[in-house]
Structures are given as C-alpha cells and as structure tokens.
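Colleague: This structure is in structure tokens; I'll ask about it shortly.
Quick note: the coordinates plus some simple rules give every number you see, no bench work behind them. Just so it is clear, the model here is predicted, and its values are computed rather than measured. Virtual Cβ from ideal backbone geometry, glycine too; neighbours counted across all protein chains shown.
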Amino acid sequence: MDRRSGDAARGVRRGVYVLPALFTLGNVLCGFLCIDAAHQGRFHAATSLLFLAGILDGLDGRVARLTGSTSAFGEQLDSLADVISFGVAPAILAYQWGLHDFDRLGLAVSFLFVVCGACRLARFNVQIHVVDKRYFVGLPIPAGAAALTGVVWVHPSPMPSPAWNVAYLVFTVVVAYLMISTLRYRSFKDLDIKSKKSVLLVPVFGLILAAMAWKPEVSFTSLALVFACSAPVAKVLSLLGLFRPKKGEIASASTP
C-alpha cells in the first residue's frame, strides 16, 4: 500500500469516529435552539426541537456501534449533551410556559429538574458496567424530558387557569423525582425481534406508527407518559401482591 492509500485509509477511520459525534452535536444544537424558541414564546417549535433531539440521541449510539467507533470520549460527550438537551432546555421551556407565574418557586422547581437529570446521568455513568441491562434505574432523562415537555407540545397555548399551573408545578416535581428514584423501568434491550412471540407485536407497532403519523404530538406524549407511569404502577401492584417480578431480576440502568 502506498503512502496516499494509507493516508486515505486513516482519513476514513477518522471520519467514522467523527460521524457519531456529529449526531451528538446535532442533539446539542436542537437543545440550544429549543432554549431560544422558549424565550421567544414559540413553544410548539421548542418542543418539536426537543423531540428531534431525542431522535438524534437515539441514533448517535447506534451509529457508533454499527461503525465500530464507540469510545469513552463519545460516551462523555453524549452525557454532557443530554444535560443540555434533556435537562436545561426542558427546564427553561417548562418555566417559560407554565412555571414563570410562581416566580422564584417556579425557578427552583425548574432547577430541581436539571439537578435530578444530572444526577440520573451521573448514576448511569458509574453503574453502566455493573448492572442488568434489562432495566433502567429511575426514569431515563430523555423520557423525563419527553413527559415534561410533551404536555407543552400538545397544548402550546398558555394555561387556562391557575389550577393547571399548580398541577404542572407538581407534575414537574414528580417527574424530577422519578429520574432519581430506584424504580425499575424496562429497557426492552432483551426483546428478541427474531422470536416467534415477537410476531404478535407487529400489529401493535403498526398501530403506534399509524398514530404517530396521524397525531405525532398526542402519540409521542402519550407514550412518554405511559412509560413514566409504568414503573410506579408496577411497584404499587407488586406491593398489593398483584404483580411479582421474576426471580433473579435486578435493577439496572441501560441508557441515560
């Protein structure tokens, strides 16, 4: 192999490592633009940017694995990006939309969401190699951001009454708590799409895709809220003796 061929091969390898980072930086850009849109009162655009950030966040890791370009740098960059796009940006959006009437209390609750999201990511980073990947420990921060801002996406207009503002304030605190809780959320990493049982899920996925194409705001928000409620509901059913997890299942965190 001549020198030019070797330089070209090294250039391709470097490009492969840069590719996942570009998706991560696109995630950061969406979070940054969301903050700007929230300050301007363009709430529908702000929430749309956050859901686009969620798509990019899901793609960067998959691109890295497909191209064999996973690295410690990429993992750290992804966590920092998530703090911005799914911690700071949703908190500012929530404050501008429904919490600003509470003044300092609204700021405190918004900041609480950021703190809990950052703690959730830090806990994931230290547990990533020692836990069962079938479960998340606590609500993942992208799911928390989706639940918090999905409500805004569905109803971007101002709150109809002060009572709704209070309800949203409490809702923000609950979502923040779920992120740092030890409740177990299914990661679905163990779902085998090649098994015969997975055929039964095809109609379900078809209905979900159809609903997303018809009403993306309502569909995405409903999925986020159902997922956020799934672990608390399972915990209550377990305490009542109506649901018992399989033996050997342990808490885990599969992604932030």
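Colleague: Residues with beta-carbon under 14 Å from that of L139, excluding L139: net charge, scoring Lys, Arg +1 and Asp, Glu -1? Intermediate values should be presented prior to the final figure.
Modeller: Numbers: positive: R120, R123, R184, R186, K235; negative: D82.
Summing Lys and Arg as +1 and Asp and Glu as -1 gives +4.
Colleague: Rounded to the nearest whole Å³, what is the per residue volume of the convex hull around the Cα atoms of segment 135-178? Spell out each step's value before the answer.
Modeller: Details: hull volume 2.6 nm³, N = 44.
Dividing the Cα hull volume of segment 135-178 by its residue count gives 60 Å³.
Colleague: Starting with the highest mean, order 18-25, 91-98 by the number of other Cβ atoms within 10 Å, averaged over the residues of each peptide.
Modeller: Listed from highest to lowest mean packing, they are 91-98, 18-25.
Colleague: By count of other Cβ within 10 Å, fewest leading, how are Y168, Y177 ordered?
Modeller: Values: Y168 21, Y177 16.
Neighbour counts put them in this order, fewest first: Y177, Y168.
Colleague: So who's got an amide H within less than 5 Å of the one on R186, skipping anything under 5 residues away but keeping other chains? H placed 1.01 Å off N, in plane.
Modeller: Under 5 Å from the amide H of R186: F136.
Colleague: Also, quick follow-up: Between V18 and W164, what FRET efficiency comes out of the Förster formula 1/(1 + (r/R0)^6) with R0 = 45 Å and r the beta carbon distance, rounded to 0.05?
Modeller: Efficiency at R0 = 45 Å is approximately 0.50.
Colleague: For segment 12-144, which semi-axes, largest first and in whole Å, follow from the square roots of 5 times the eigenvalues of its Cα gyration tensor?
Modeller: 28, 19, 10
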